Amino acid sequence: MKHGLKRLCGAGALLLPLSVWAQPAVDDLTDQSSNNFYNQTAARESGGNLALFNQLKDNQREIQQLRGQIEELRYQLEQQKQLSQERYLDLEKRLDTLASQRREAVDADAAASVTEEASATGDQDAQSGDQGRDAYQAAFQKVQAREFDAAIKAFEDFIGDYPNSSLRANAHYWLGELYSAQSQLDAAAKSFQTVIDDFPESNKMPDALYKLGLLKARQGHPDESRSLLDRVRNDYPESNAASMAEDFLNQSGN
């Protein structure tokens, strides 16, 4: 029995080391898994940072482009402002020139009219007790002095004070000229129309038709303007007003 036990122990002694050392090897994946996780995380973070960086660069580029466009628009706006100011100044200068020419024309016509009308109406006025001739000439003196507001009042007073004067048609005509020179277009049109309606035999009739025709064009009524100017040419073909009406219609393309 001892020999059997010894044999058993001997066999066990031989088998034990094999059973112990023959256990399967187990790799420690803890560090490896952690490294893979961190590496993947780092890769994702790196990729995300790169995308943000690229987006930031794109945004900066767009901002620079927008700034450039803003500067360009600001420059263009300044140029437009300067151009508009220059155009305004040029227009104002031309309007001043036209206004000056208009005043000079009124003065010249007034000066010529004093002599002409005094000669044409002298005999008739003398027979009727001079019927406000002095007041009429005093109104012209205010026109010559470029006291237009005072001249308007003087002519209006003359019309009210001398209802039977043969110079009333002329006074209405010059009121139309004065109102027109001051851009009081409705009042000017009314004065010219009064000459046409109430004094058809007056020597101011063709001039009143011509001036009212110009005024209607200025007010934006081309059909009425042409009708009046045609009337001047047809009814008073030998007058200076007819020649001026012809010139105006040719220049305006009518």
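What follows is calculated from the coordinates using simple rules that are stated; it is not laboratory data. It should be emphasised that the depicted structure is a prediction, and the values quoted were computed from it without experimental measurement. Note: ideal-geometry Cβ built from the backbone for every residue, glycine included; neighbour counts use all protein chains shown.
Taking the Cα centre of region 124-254 as origin, work out the dipole magnitude from +1 charges on Lys and Arg Cβ and -1 charges on Asp and Glu Cβ, in debye rounded to 20. Intermediate values should be presented prior to the final figure.
Working: 13 positive and 21 negative charges, 61 e Å.
Approximately 300 debye in magnitude.
Apply the Karplus curve 6.51 cos²θ - 1.76 cosθ + 1.60, θ = phi - 60°, to the phi angles in region 214-224 and return the couplings in whole Hz, x for Gly and Pro.
Coupling constants for region 214-224: 5, 5, 5, 5, 5, 7, x, 10, x, 5, 5 Hz.
Quick query: amide H of Ser202 versus all other amide H atoms, modeled in the peptide plane; which residues come in under 5 Å with a sequence gap of 5 or more or a different chain?
none
Could you tell me which of rounded, prolate or oblate describes region 198-254, using a ≥ b ≥ c as the square roots of the eigenvalues of the alpha-carbon gyration tensor, with rounded for a/c under 1.5 and, failing that, prolate when a/b is larger than b/c and oblate otherwise?
On the way: a/c = 2.24, a/b = 1.37, b/c = 1.63.
Oblate, because a/c is 1.5 or more while a/b does not exceed b/c.
Defining a contact as two alpha carbons under 8 Å apart and six or more residues distant in sequence, what relative contact order in percent does region 159-254 show?
Values: 102 pairs, mean separation 17.6, N = 96.
In percent, rounded to a whole number, it is 18.
If I stretch the segment between Asp197 and Lys153 completely, what's the gain in nm (0.36 nm per residue apart, minus their alpha carbon distance), one decimal?
Numbers: separation 44, 0.36 × 44 = 15.84 nm, distance 2.23 nm.
My answer for the length gained is 13.6 nm.
Based on the alpha-carbon gyration tensor of region 155-254 and its eigenvalue square roots a ≥ b ≥ c, which shape applies: rounded if a/c is under 1.5, prolate if not and a/b is larger than b/c, or oblate?
Numbers: a/c = 2.56, a/b = 1.53, b/c = 1.67.
It is oblate, given that a/c is not under 1.5 and a/b is not larger than b/c.
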